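Here is the structure we will look at.
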There are 2 protein chains.
Amino acid sequence: MKRPIPIYAGRAAVACLLLLCSFQCLAQNVATDPLPSWKEGTPKKVILEFVTRVTTEGAKDFVPVAERIAVFDNDGTLWVEQPIYTQFAFAVDRVKTLAPKHPEWKTKEPFKSVLSGNMAGLKASGEKGVMELIMATHAGMTTDEFSKAVSEWIAKSRHPRFKRTYTECVYQPMLELLAFLRKNGFQTYVVSGGGVEFMRPWAESVYGIPPQQVIGSSIKTQFQLRDGKPVLMRLPAVDFINDGAGKPVGINRYIGRRPIAAFGNSDGDLQMLEWAANGDGARLMMIVHHTDAAREYAYDRQSTVGKLDKALDEASAKGWIVVDMKQDWNRIFPSER
Amino acid sequence: MKRPIPIYAGRAAVACLLLLCSFQCLAQNVATDPLPSWKEGTPKKVILEFVTRVTTEGAKDFVPVAERIAVFDNDGTLWVEQPIYTQFAFAVDRVKTLAPKHPEWKTKEPFKSVLSGNMAGLKASGEKGVMELIMATHAGMTTDEFSKAVSEWIAKSRHPRFKRTYTECVYQPMLELLAFLRKNGFQTYVVSGGGVEFMRPWAESVYGIPPQQVIGSSIKTQFQLRDGKPVLMRLPAVDFINDGAGKPVGINRYIGRRPIAAFGNSDGDLQMLEWAANGDGARLMMIVHHTDAAREYAYDRQSTVGKLDKALDEASAKGWIVVDMKQDWNRIFPSER
């Protein structure tokens, strides 16, 4: 005689148990995985192993907290840099904002091209034109005034493709990595070719990185008394270009200690990676490779923005980790849930 | 009939109790006074009140931890600057060390004067001579080599009057102040006219201030590959002078946030104090006045080293705290116990 009910009841109990177990495993996995947006694979494995090695007291590669310095390029490493650098979009918008006070711009390059939306004309003005654009839009005001202008712009402007604010075009896996490193006693720094005072107003709320841990290019400033009140005026003169071979110089200037981990995405990060790589002890060098045209962009050796050529070769030669965005990240932006 | 014994016993008991009580009071005082080398008086009172005001949650003047930035001049504020700046003594010693490799120095100023101990001759060579001296002794090597040279020199050299290492010529009350502020969530920064890479090798062990919180003057450095290894070469060219009106520029460059407390001792700190003073909310500006020729030095308006003239007037006009070393400090150096 069949005894269907007890059997079904037994099966149901087993199924319930299995279900409960898998929920628990899932919950445990979610709770303990510090990098949920990273797929299982070499980059994630290497990151987790590296952090364990340098934070395990008594281990050969242990690094004291004070020396756990990690540096991150910004454009293309922490946030989108295509189709143009965000700071360049800011400069273009500022020309439009400031144009009423500069009637001469209507006929003067590179402003004329910018105002008429003629990007080819702007390109033709070359490096000199771009520098003129930067000085006209980034200098001639106090540091406080500039900070306010950046904050207002970054709050309202939208990325042309993603239709979100630029600070929503940051990479979720990198946010997780920043938080994971800090949780393990690391100090995280931005080391960008972009303007230091363009990044500082929002880097703390977006990346959790305070102003003093943002390193970037700068123009000169001057202390002045204005109606008896001290101000710092931004002058139309380059102070420092924190790009390429300038990045180790900037790191030494601001931090005075060699990073043990460095993250970049372009040839502009090559010397920073070399500098970090050549210290003693365990090191982690990583390059974000933009391979995902569907979810973000795909570009490397031929790109005018964020060109990745020599650094890709050196990564291959030296065993640095190359993150394949398409393969290694299961989520690109914080808004994708 | 006299009852001497019980009376004596009673007196002894009372004496014991009083003694015990005073020991306890003493112990309690030592345990709870964060600034034992500061005598009771206005500066100590103002420091304690200020820290309470900015750290009391819910209070009008509460400042979040991230914004508790305190900046300290170095020469004459944290350590002795008389009879000459320590870094100048380092430069003079280095000329002697390097002389065998530079036979031409025997006849060339300012080196000739330095090598023959003719300080008047060195003085006569003026600012140009001093700059030549700095470049010859501070450039032409890698940052790692320079750091090593500084570390070796600072470990073995002695102050001419106190016959102790220079790092033992730091002010005990200021060490206590640094520790007290940090205990209350402050980030403490050195902001000095001295060379940033001259201070970084020892600032962490002496002041508890890590390299990235040392701001100073700098010469240019250049990224180079030497036998395939990246190095930063120190070039004989000024990068930045972090003195006077340069101090707010340096503070903005490195920190990107306005300090809420600033400590100096000379006119070179005036703009730094003004910059800190002109933020919103509670502020603490303090000047160390060298008034103790017996225990240290006494100098101000007429001194060529650490001249304090305009800043003393402004302190008086604006109510900044002036610390009278003789009156306000019961101990100058850590070794005085």
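Compute the Rg/Rh shape ratio of the range B:46-159: radius of gyration over Kirkwood radius, all on alpha-carbon atoms. Taking Rh as the inverse mean 1/r over Cα pairs, Rg/Rh reads 1.22.
Residues of the range A:253-302 that bury at least 10 Å² of accessible area once all protein chains are present, compared with their chain alone (1.4 Å probe, heavy atoms only, ligands and nucleic acids left out), are A:253, A:254, A:255, A:256, A:257, A:258, A:271, A:274, A:275, A:278. Per-residue shielding of B:245-252, expressed as the average number of other chain Cβ atoms within 10 Å of the residue Cβ, stands at 5. Sorting B:56-67, B:314-325 by their mean Cβ neighbour count within 10 Å, with the most densely packed peptide first, gives B:314-325, B:56-67. Considering only A:141, A:119, A:272, the Gaussian network model of chain A with Cα springs below 10 Å gives its largest mean-square fluctuation to A:119. For the range A:29-112, the carbon plus sulfur part of the accessible surface works out to 57%, probe radius 1.4 Å. The angle separating the long axis of helix B:196-207 from the principal Cα axis of greatest extent in chain B is about 20 degrees. Accessible surface calculations at 1.4 Å, restricted to protein heavy atoms, place the protein assembly as shown at 47 Å² per residue.
Per-residue shielding of B:227-235, expressed as the average number of other chain Cβ atoms within 10 Å of the residue Cβ, stands at 3.
Take each residue of peptide B:303-311, count the partner chain Cβ atoms within 10 Å of its Cβ, and average: the result is 0.
Taking B:162, B:198, B:240 in turn, the Gaussian network model of chain B (Cα-Cα springs below 10 Å) assigns the largest fluctuation to B:162. Please report, as a whole percent, how much of the solvent-accessible surface of the range A:288-337 comes from carbon and sulfur atoms (probe radius 1.4 Å). Answer for the range A:288-337: carbon and sulfur cover 47 percent of the accessible area.
State which entries of A:247/B:307; B:183/B:310; A:101/A:247; A:229/B:307; B:123/B:310 exceed 28 angstrom in Cα-Cα distance in the structure shown. Table pairs above 28 Å Cα-Cα are A:247/B:307; B:183/B:310; A:101/A:247.
Mind checking the angle between helix A:86-98 and chain A's longest principal axis? C-alpha axes, 0 to 90 degrees, to the nearest 10. Compared with the principal axis, the helix lies near 40 degrees.
When peptides B:223-234, A:76-87 are sorted by average Cβ neighbour count within 10 Å, with the highest value leading, the order is A:76-87, B:223-234. Here the contact order of chain B, divided by its residue count and restricted to Cα pairs under 8 Å and six or more residues apart, works out to 21 percent. Of A:278, A:118, A:252, which is the most mobile in a GNM of chain A whose springs link Cα atoms less than 10 angstrom apart? Maximum fluctuation in the GNM of chain A, among the listed residues, is at A:118.
Accessible surface buried by the A/B pair amounts to about 2900 Å², both sides summed, 1.4 Å probe.
The alpha-carbon of residue B:163 sits under 24 angstrom from the alpha-carbons of these lysines, leaving out residues fewer than 8 places away in its chain: B:96, B:148, B:326. Each of A:92, B:113, A:299 was placed along the dipole of the protein assembly as shown (beta-carbon charges, centred on the mean Cα), and the one lying farthest toward the positive end is A:299. Per-peptide packing, taken as the mean over residues of other Cβ atoms within 10 Å, places A:258-267, A:90-99 in the sequence A:258-267, A:90-99 from highest down.
Each other copy places its own label point for residue B:280 at 4.9 nm from this one, sorted shortest first, where the point lies 7 Å along the Cα-to-beta carbon line.
For the range B:128-203 versus the range B:260-284, the spacing of their alpha-carbon centroids is 22 Å. The C-alpha atoms of chain A define a longest principal axis, and helix A:42-55 lies at about 90 degrees to it. Taking every C-alpha pair closer than 8 Å and separated by at least 6 residues, the mean separation divided by the residue count of the range A:33-143 gives a relative contact order of 14 percent. Amide H to amide H distances under 5 Å link residue B:216 with B:192, B:196, where only residues 5 or more positions off or on other chains count and H is placed in the peptide plane.
The values are calculated or read from the model by the stated rules, or taken from the named source; none is laboratory data. Quantities reported herein were computed from a predicted structural model and do not represent experimental measurements. Reconstructed Cβ throughout: ideal geometry from the backbone, glycine too, with neighbour counts over all protein chains shown. In case anyone asks, the SASA skips ligands and DNA or RNA and just uses the protein heavy atoms, side chains included. Shrake-Rupley method; radii C 1.70, N 1.55, O 1.52, S 1.80 Å.
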